[in-house]
Amino acid sequence: MFVIIFNVLFTPNIISKSKDIIDYKHKLGFEANYQLGKVFRHTDGFQPTINGVSNVIQFTAFKQTDGAKAWQRKLKYPEIGGGFSALIHHNRDTIGNGYAAFAYFSYPIVRSRIVDLIFRFSGGLAYTTKTYDAIENPVNNAMAMPINIFVEARLGLHFKIHENVQLVTGIAFSHYSSGAMKLPNLGINTPTAMLGIRYLPTKQKLNLNFDTIPKVNYKNEIGFLLNAGLQDVTKFIKDRSWLNYGTSVQYARHFNIVNKLYCGALLEFDFGYPHYDVNKPKVQDKIIQKAATRLSLYVGNEISFGRTSIFYALGAYLHTPYKMFLPIYFKIGTNINFLALEKKNRPYLNIGVKAHGGTAQYAEIGLGSNFKF
């Protein structure tokens, strides 16, 4: 369901295409917003007690793209920026507070002269003030490391109340965790409602490029990827850490210069991995001594911004060495391509997180290559 919703919001399309609606008068902007929400228990094993709200204060600065590059025109002139969030939680004596620095881009779903409907995706690093401690803080099985991965998704409305001022409302969802690089690691998930203000100081008209968007030269693609997953590399379980090796082969169909849908098969190898149902906080005492393999199929989407792209995929297992409560997984991450968009063959660096039921299984890094035809 998440992948379907994400596709509807994120696949490059737009309802309003009139030039006068996107005839910007600013190059830079600033935003401050306040968010109110609550950390929720996304699994049965989430131990910290959450009995109050979370307050989020966020500041960002951004630049309006002008369409100088073809991907900017195809994505309808997105904003690119960065900022800082302070997440002040009610139960900060156990889960602490979170402080995040991030970069983001915003994609316009609908534009009008009065209000814009915007999807925004942010990614960065977060610092948490409280982590798991077997003696002093054993209840906090959500956070094991002070430095964590931070992501946030927002669906918002920008009301144009003045030439230089916009009112912001919307909903957001933030998550930060170690990506299972240290256990325990259930993560902090916080849905919020927001209210904010955007200030656009530049009065000079921004000259947008409305050149024709080029068509894709190659619509089909075969890809190969080798990955290493990092799980509990800091050895929460004494003297043990795990590397999960994976190899993927996939087919992709390019619909335009920035968007492709893909499907593929993933074969994973675990060496010394514990008999662990990743959907429950239960580790059995049985350790698999020899290599365990998992085979799965997946579907996904990838959005490209020049040499950088964001991907997300949903997979289902065909074979696992142990019983799983929910045999599906979700992946999200970024690919950094070594060659430009229009190149026929594109080697890339892959960085991502694989998760089950809202809980990360491992963070991964890998090398791959795509061959278009």
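The values are calculated or read from the model by the stated rules, or taken from the named source; none is laboratory data. Note that the structure is predicted; figures quoted are calculated from it, not measured. Note that we place each Cβ from the backbone using ideal geometry, even for glycine, and neighbour counts take in every protein chain shown. Accessible surface is based on the protein model in full, side chains and every heavy atom, while ligands, DNA and RNA are left aside. Shrake-Rupley method; radii C 1.70, N 1.55, O 1.52, S 1.80 Å.
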Worksheet item: If we scan segment 211-219, do we find a residue that is touching a residue at least 60 places away in the same chain (Cβ under 8 Å) and buried (at least 20 other Cβ atoms within 10 Å of the Cβ)?
Response: no
Item to complete: Being over 19 Å from the mean Cα position of the chain (by Cα) and surrounded by fewer than 20 Cβ atoms within 10 Å (Cβ to Cβ) is the filter here, so list the residues in segment 146-167 that pass it.
Response: P146, L157, F159, K160, I161, H162, E163, N164, V165, L167
Worksheet, complete the sentence: Residues of segment 137-173 being among the hydroxyl-bearing types (S, T, Y) and touching a Lys or Arg at 6+ places or on another chain (Cβ under 9 Å), in sequence order, are none
Worksheet item: Among the residues of segment 108-131 satisfying the criterion of being closer than 23 Å to Y34 by Cβ and among the hydroxyl-bearing types (S, T, Y), which is most open to solvent (accessible area, probe 1.4 Å)?
Response: Y127
Fill in: Residues of segment 106-131 satisfying the condition of being among the aromatic types (F, W, Y) and at pLDDT below 90
Y107
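Yes/no matrix, rows are residues, columns are (1) open to solvent by 20 Å² or more (accessible area, probe 1.4 Å); (2) at negative phi; (3) in contact with a Leu (Cβ under 7 Å, 6 or more places away or on another chain):
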residue	(1), (2), (3)
F46	no, yes, yes
I57	yes, yes, no
L75	no, yes, no
I80	yes, yes, no
Item to complete: Would you check if there is a residue in segment 311-331 being touching a residue at least 24 places away in the same chain (Cβ under 8 Å), more than 17 Å from E268 (Cβ to Cβ) and touching an Asp or Glu at 6+ places or on another chain (Cβ under 7 Å)?
Response: yes
Worksheet item: Any chance segment 220-227 includes a residue that's surrounded by 15 or more Cβ atoms within 10 Å (Cβ to Cβ), under 25 Å from the mean Cα position of the chain (by Cα) and modelled with pLDDT under 85?
Response: no
Worksheet item: Regarding S174, is this residue in contact with a Leu (Cβ under 6 Å, 6 or more places away or on another chain), open to solvent by less than 20 Å² (accessible area, probe 1.4 Å), modelled with pLDDT of 90 or more and not basic (K, R)?
Response: no
Response to the item:
Only unsatisfied item for T234, checking (1) modelled with pLDDT of 90 or more; (2) surrounded by fewer than 14 Cβ atoms within 10 Å (Cβ to Cβ); (3) not acidic (D, E), is (1)
Worksheet entry | Counted residues, segment 134-162 - those being of a type in the set (G, A, S) and either outside any loop (DSSP other than H, G, I, E, B) or without any contact (Cβ under 8 Å) to a residue 24 or more places away in the chain (or both) | 3
Item to complete: Take segment 132-144 and flag every residue that is out of contact with any Leu (no Cβ under 9 Å at 6 or more places or on another chain) and crowded, with 20+ Cβ neighbours inside 10 Å.
Response: N140
